[in-house]
Amino acid sequence: MRTPHPELSPNLRTRRRRVLPGFGLTLGTTLLFLSLIVLLPLSAAFIRTAGLSWEEFWGHVSSPRVVASYRLTFGAALAAAAANAFFGVIVAWVLVRYEFPGRKIVDALVDLPFALPTAVAGIALTALYAPTGWIGGLLEPLGIKVAYTPLGIWVALTFIGLPFVVRTVQPVLEELEPELEEAAATLGATRTQTLRRVVLPALLPATCTGFTLALARGIGEYGSVVFISGNMPLRTEITPLLIVTKLEQYDYAGATALAVVMLVVSFALLFGVQLLQRWFFSPERHGR
Amino acid sequence: MSIEVRHAWKRFGTFTALAGVNLSVPSGRLTALLGPSGSGKTTLLRIIAGLESPDATSDPDSGKVLFHGEDVSNVPAGRRGVGFVFQHYALFRHLTVFENIAFGLSVRPRRDRPTTRQIADRVNELLDLIQLSGLGGRYPDQLSGGQRQRVALARALAVQPRVLLLDEPFGALDARVRKDLRRWLRTLHERLHVTTVFVTHDQEEALELADEVVVMNQARVEQVGPPQEVYDRPASPFVIEFLGNVNRLERGRTAAKSVLYVRPHDIDIRREFAGEHAVPARVLHVFSAGNYGRVSLSRGDTGDTIEAEVPRQQLRELNLRDGDRVNLVFRHVRLFPAEGFREEDLPSEPSASRDAGSGI
Amino acid sequence: MSGTASTLVHVAQPHRRRTLADPPWLKRTLLVVAIGFVALFLVIPLGAVFVEALRGGFRLYWAALTEPDALAAVRLTLLAAAIAVPCNVVFGLAAAWTIAKFDFRGKSVLTTLIDLPFAVSPVIAGLVYVLMFGAQGWMGEWLADRDLRIIFATPGIVLATVFVTFPLVARELIPLMQAQGRDEELAALTLGAGGWKTFWRVTLPNAKWGLFYGVVLCNARAMGEFGAVSVVSGHIRGETNTIPLHVEILYNEYQTQAAFAVASLLTLLALLTMLLKSLIEWRHRRALLAAAHAETRTFAS
C-alpha cells in the first residue's frame, strides 16, 4: 500500500484532460471575436501612430487647442466623478437603509443614464439648462450660466456617471454585517461616530472603484456633452469632440494621435481599478 | 462489478491529493472512503467516476481505473455506467423531480431511448423506492434536504449504473435526518446489491454503514478492512486516533520508547489492588450524565490525563469522588513505536496487541 | 462600463432588518439630499423629453415620427440591433462557458480584455474602424477595388455597434454561471448526456434569466449608441442615419419639437429596459427567497 514519496516519483506531468467538453470550441470563439472586433481595430490606432515621427506626434498632441481640451475634459470628468462619489454614497445609503414611498422607483431610476441614449440625455439637459430652459431660466437672473459653459459639461458628465458609484456601493452596503455597527454602539460610539468611523471606511473601496469608473466614462463621453457644451475651441471643446472634428477635416494622423493619448489614459484607469480591487481585497491588508 | 484503481497520483498546484493510491473494491459491497478533509478521498471518488483525471507518470499503468477487470481509464464519465451522487446533490433546479430522475434516460440517443411510457414507469418505480410518490411535480427548491438527497440517488439509479458513487452523501443534512437516511441507504443496498462507494469524514457513519472501510490520510490509504477489523486492529496511530476517542500514553519506563493507545471504554477502574500491570491514578472529575459515566483521571507516575468510560451502574457502585486514588486496568491496548519513527520502520503487522492485565 | 455590479448575482442579498436607527435629523437630511439629487439629474430631464416632444400637440408629434427619414432611421437601428445582439449572444455564451466552467492560464487577462470596450471612448471605437476600413485605411483600397463600402454604410454601423455592446452579455453571464458552479453539468455528464445536450438542457435553462438580462441591456445600448455610430455613419439622411443620429440632425436644424419626438421613442425604450431589468431582478430575488425558505424548512424538519 505504501508508495514512494512524491519527490521520489519521477516524471510527474499533469495530464490536462478536461472533463467538461467544449473548451477548445468556446475559447476559440471567444478569442476570434475578441481579436477581430476589439484587439485588431484598437491596434490599428497604435500602429498608425507608430508611423509618425516623435516631433509630429508631439505636435499633434500638445497644440494649445488640444491641451485646453485635455484640461477641460479631465477637469470636468474629475469634478463630475467627485460629485457622484459624494451623492452616490448618500443615494446608495438611502436606498439600502431607509424605507420610504417610491424607494423601488428611485432604485430603478438610477439605471436611467445606462439605459438612456446619450444623445437624448444631451438634448434634454441642454433644453433644461439653456437660458430659456426651466432650470437655466431660474439661474440666469443669478448670473449663473450652465449651458454652453464648462459647468454644462459637468452637468452632463454627472448625469452619465451617476449610476457607477451607487451600483458599486449598494451591494457592499447590503452585505455589511450589522454586527459591526452594533459593536460600535455597545462600545459607546454615537450613531454619527459609528457612521463616520465604521461604516464609511468599509464603503471606501467600493466608492473609489465607482469613482474611477465614472471618471473613465466621463473622459470618453461624447454624445451627452456635444449638445450642452457649445463646442467653442479653447473654451468648451472636449477631447473626443476634437477627435471627431479632426476626422471630419480628414486629419487622420491628428485624430489618431489624440486617440492614442486617450486610450493610454483609459487603459491606465482600467488597470488602476484592477489594482485598487486587488489591493483592497488583498490578504495582507486584511491580515493587519 | 468490482472496481480497481492502480497507483493514482493527483496534484493540484503544490497540493498533493493522491500519492500513488491503490484501491480495490469488491463487487456488490458497500465501501466507505473515510478520512479527514484534504485526505484525497473525494478526488479518488471523482477519478473512479471519470470526473477527474489522474496525473500521468512514467509508469504506464499508473492511474488506471478498472471496472471488473476492464480498463475504463479512457472512457468518459457518461459512458462508464456510474451513478454519481454529488455532495450538494446538483439537482437540475429548472426541472421537476420527475424530470430530474428521467434525465439520464431521456438524453439517450433516440435508438437506445426507452419510450415515454417506459421512462414514466421507471421514474414512478423509483419515486416509490425513495418514498416520494406524489412529489414528482415539485421543483428541487421545494424539497427538504433529505428529500433532495433521495431524488439525487434516484436520478443516479435511473440509468441502472454498474457502480454507485456517493460524495459525502449525508454531509449537508442535520443529525436526525442523517440517521434515518443512513438506515434507509443500508436497506436499499441490501435490495439492489449494486457496488457502492461513498465518501465520508464521519467515522461513525463509515463503521455503521459500510461492509468495507478504506481509511485515507494525507493522500494515502492507511488501512483497508471490515469496520470491526479497522476499529479493533488499527494499523497506524492515525487510524486509531481518527476512529473515536482514545487515550494516548507514552510508555516511559522501557528503553525503547513507544506509544500506547487505550480507548476509554477499555479501561476498568478498581478501588482495590489490581495486579502489577495496573496503573495507579487519581480521580480528577466525574461526569455522570448519559448511559456511560466519564471519569477524568491523572496518572500517578507521569501525570498524564486519562479519560475512562464506565457503565452507569458500575460508576454508582464505585462511588468515586474527586481526588480518590484508584487503580486502572487496561483491557485492550495498541502499541506503536514512539515519535520519530519512520513509516518504513514499521513492521508489516505494525502493532502489538495484547491484553494487559487480563489475568486478573 | 455600463451595468457595473448590477448583475443578477449581486442582487442576491435580501434586505435585512436593522436594529440601529439613524437619528431623525440625519435620516431626513440624507433623504432630502438623495431624492433631490435624483430628481434634479434624472426625473426632470426625463420629464423634459416628453414635455418638449408634445409641445406642439400630438399631431406634430405623430408627424415627426412617421416622416420617411425618421422611419428609415428606425429601420436601420432595428437592423443594426438585430445583427449586433445575436453576435453578442454567441460571443457571450462562448466566453461565459470558457471562463465560468474551466480553469486555465490567462483567464483573468481574458476577463479584463473582454471589458476593454467599456474603457474606450465611443468616438475612438468609431475611429479605429475608419482606420481599418476607411478610404485611407488598411483595407481601404482593397475594398474600393471591389466596390465594397463599410465606412459610411450599414456594415460600419453594425461593426461599431457590436464593439460598444461587446462585453454586455458576457459580463452578465460570467458571474452567474460561475456562481452556479459545474456540478449540474457534471451530473448531466455522468447520466450520459453529451456536451450539446448538457448545454441545451442544463446550462442554458439555468442561465436564461442572466442571458435575457444581458440581451435587454445589449439591445438598449445597440439602439441608443451615438458617438461610435456617428463617426462611421457619414450622416446620409434616409440611408445611414440611426435614430440617435436623426435626433442630432433635427436638433441642429432647430427642429426641436421633432427632435424630442424622435428622442421620446428612445426614452420609451430606455424605460422599457429599466422595467424589464426590475422585473428580472424581482423574479430572481423571489426565486432566491424561495430557495432560502426551503432551506430553513429543511433545517426545521
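The values are calculated or read from the model by the stated rules, or taken from the named source; none is laboratory data. All of these numbers come straight from a predicted model, not from anything done at the bench. Neighbour counts run over all protein chains shown; Cβ positions are idealised from the backbone, glycine included. Accessible surface areas use protein heavy atoms only, side chains included; no ligands, DNA or RNA. Shrake-Rupley method; radii C 1.70, N 1.55, O 1.52, S 1.80 Å.
Numbers below:
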{"quantity": "Meets criteria (open to solvent by 50 Å² or more (accessible area, probe 1.4 Å), assigned by TED's automatic domain parsing to the domain that holds B:D167 and without any contact (Cβ under 8 Å) to a residue 24 or more places away in the chain) for B:P60", "calculated": "yes"}
{"quantity": "All positions within segment B:43-57 that are β-branched (V, I, T) and crowded, with 21+ Cβ neighbours inside 10 Å", "calculated": "B:T43, B:I47, B:I48"}
{"quantity": "Scan of segment A:106-120 for residues that are assigned to a helix (DSSP H, G or I) and either closer than 15 Å to A:R217 by Cβ or not β-branched (V, I, T) (or both), ordered by number", "calculated": "A:D107, A:A108, A:L109, A:L112, A:P113, A:F114, A:A115, A:T118, A:A119"}
{"quantity": "Residues of segment B:118-147 that turn out to be part of a loop (DSSP other than H, G, I, E, B) and over 28 Å from B:K179 (Cβ atoms), as a count", "calculated": "1"}
{"quantity": "Residue match in segment A:247-260 (condition: within 10 Å of chain C (Cβ to nearest Cβ) and within 19 Å of the chain's Cα centre (by Cα))", "calculated": "yes"}
{"quantity": "Within segment B:310-340, considering residues that are without any contact (Cβ under 8 Å) to a residue 12 or more places away in the chain and part of a loop (DSSP other than H, G, I, E, B), the one surrounded by the fewest Cβ atoms within 10 Å (Cβ to Cβ)", "calculated": "B:G340"}
{"quantity": "Some residue of segment A:185-201 being farther than 28 Å from A:S53 by Cα, open to solvent by 20 Å² or more (accessible area, probe 1.4 Å), more than 8 Å from every other protein chain (Cβ to nearest Cβ) and of a type in the set (S, T, Y)", "calculated": "yes"}
{"quantity": "Test result for B:R29, over 26 Å from B:V213 (Cα atoms) and assigned by TED's automatic domain parsing to the domain that holds B:V159", "calculated": "no"}
{"quantity": "Number of positions in segment A:125-151 that are under 21 Å from A:G75 (Cβ atoms) and of a type in the set (A, V, I, L, M, F, W, C)", "calculated": "6"}
{"quantity": "Filtered residue count, segment B:167-224, keeping only those that are within 11 Å of the chain's Cα centre (by Cα), under 20 Å from B:F67 (Cα atoms) and surrounded by fewer than 19 Cβ atoms within 10 Å (Cβ to Cβ)", "calculated": "1"}
{"quantity": "Checklist (1) out of contact with any strand residue (DSSP E or B) (no Cβ under 6 Å at 6 or more places or on another chain); (2) without any contact (Cβ under 8 Å) to a residue 40 or more places away in the chain applied to B:L105, failing item", "calculated": "(2)"}
{"quantity": "Selection count where residues are part of a helix (DSSP H, G or I) and within 8 Å of chain A (Cβ to nearest Cβ), scope segment C:100-117", "calculated": "8"}
{"quantity": "Conditions (1) at the interface with chain C (Cβ under 9 Å from one of its Cβ atoms); (2) open to solvent by less than 30 Å² (accessible area, probe 1.4 Å); number of the one not met by A:V165", "calculated": "(1)"}
{"quantity": "Candidate set from segment C:160-191 (those that are among the acidic types (D, E) and at the interface with chain B (Cβ under 8 Å from one of its Cβ atoms)); member that is most open to solvent (accessible area, probe 1.4 Å)", "calculated": "C:D183"}
{"quantity": "Some residue of segment B:52-62 being assigned to a helix (DSSP H, G or I) and at pLDDT below 90", "calculated": "no"}
{"quantity": "From A:L109, A:L128, residue being facing another protein chain (nearest Cβ under 7 Å), open to solvent by less than 10 Å² (accessible area, probe 1.4 Å) and among the hydrophobic types (A, V, I, L, M, F, W, C)", "calculated": "A:L128"}
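Condition check ((1) among the basic types (K, R); (2) more than 29 Å from A:F159 (Cβ to Cβ)) across all residues:
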position	(1), (2)
C:L46	no, no
C:Y61	no, no
C:A72	no, yes
C:R75	yes, yes
C:A80	no, no
C:A84	no, no
